[in-house]
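We did not get these values from a lab; they are worked out from the coordinates using the rules stated. Here the structure is a predicted model, which means the values were calculated and not measured. No Cβ is skipped: glycine too gets one built from the backbone with ideal geometry, and neighbour counts run over all protein chains shown.
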Ligand SMILES: [Zn+2]
């Protein structure tokens, strides 16, 4: 029996793995931060045998309320994700699983990979009314990418849509994928009507560093970007917010 988290957005720590009816795990803190909640790991084991997995120490996690009524997300092929009924006793999340295959992934929410993020950006930019622009680079040297839909014109509104300042909220980028698919669909009359009245500035992932590192809430150096809009700095650590705020101040001129 082995547990792995050595992949993009992987996060787990093994406490005890001697007994398959009592596999004990912990979530690692975001780098330089006290926050933890996102997990993502792979179990390699014998199929068709029952396992009990416990994630410990959740009373001190970033949002303990979030574990109430929560069910773990799992996948055999990293494509289709399904829920596994889970129980939370106030500190430990437990679930039973009878793997159908020898290798199985588990995560807090369905992961949204960096590769899929790049696919999304480049699918969008093949449409004539969409442009892709790199606003700058993050501390981990990832691209801060902006998609602009429509041309600025007098009377048009500027609308900004950003997602995943908190990188563990992967559902936000799944939402972005749906939004962008509608914005590039020329038969979508609602989206077309919106684009006649507004230019949309879309940042599908505000925090690629945190996403790739398997963080819940912060960037590469433990900064919560959601708290940095007042006075983001480029040099220090909040440069994702800094780039986007500079760009939004210049309205449509992002260079
Ligand atoms: Zn959030």
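A few remarks follow.
- Stretch gain in nm, segment residue 127-residue 189, where the contour uses 0.36 nm per residue and the Cα spacing is subtracted: 20.7 nm
- Mean projected area in nm² (Cα convex hull; one quarter of hull surface) for the chain: 14.8 nm²
- Folded to 0 to 90 degrees: helix 114-125 orientation relative to the chain principal axis, Cα: 20 degrees
- Each residue in 217, 42 was given a count of other beta-carbon atoms within 10 angstrom of its own, and listing them fewest first yields 42, 217.
- Peptides 200-211, 168-179 ranked from most to least packed, by the mean per-residue count of other Cβ atoms within 10 Å: 200-211, 168-179.
- Annotation: the residues 4, 88, sorted from fewest to most other C-beta atoms within 10 Å of their own C-beta, follow the order 4, 88.
- Ranking of 38, 67 by neighbouring Cβ atoms within 10 Å, starting from the fewest: 67, 38.
- Cα→Cβ-extended label distance, 7 Å offset, between residue 81 and residue 110, nm: 0.7 nm
- For the range 1-70, convex hull of alpha carbons as volume per residue, Å³: 103 Å³
- Helix 171-183 axis, angle to the chain major axis (alpha carbon atoms, nearest 10°): 40 degrees
- Tensor-based shape of the range 54-148 (alpha-carbon gyration tensor, a/c under 1.5 rounded, otherwise prolate or oblate): prolate
- For the range 2-107, the antiparallel share of DSSP beta bridges with both residues in that region comes to about 90%.
- Shape of the range 104-255, Cα gyration tensor, a/c cut at 1.5: oblate
- Theoretical FRET efficiency, 1/(1+(r/R0)^6), r = Cβ-Cβ of residue 221 and residue 57, R0 30 Å, to 0.05: 0.80
- Where both bridge residues fall in the chain, DSSP classifies roughly 80% of the beta bridges as antiparallel.
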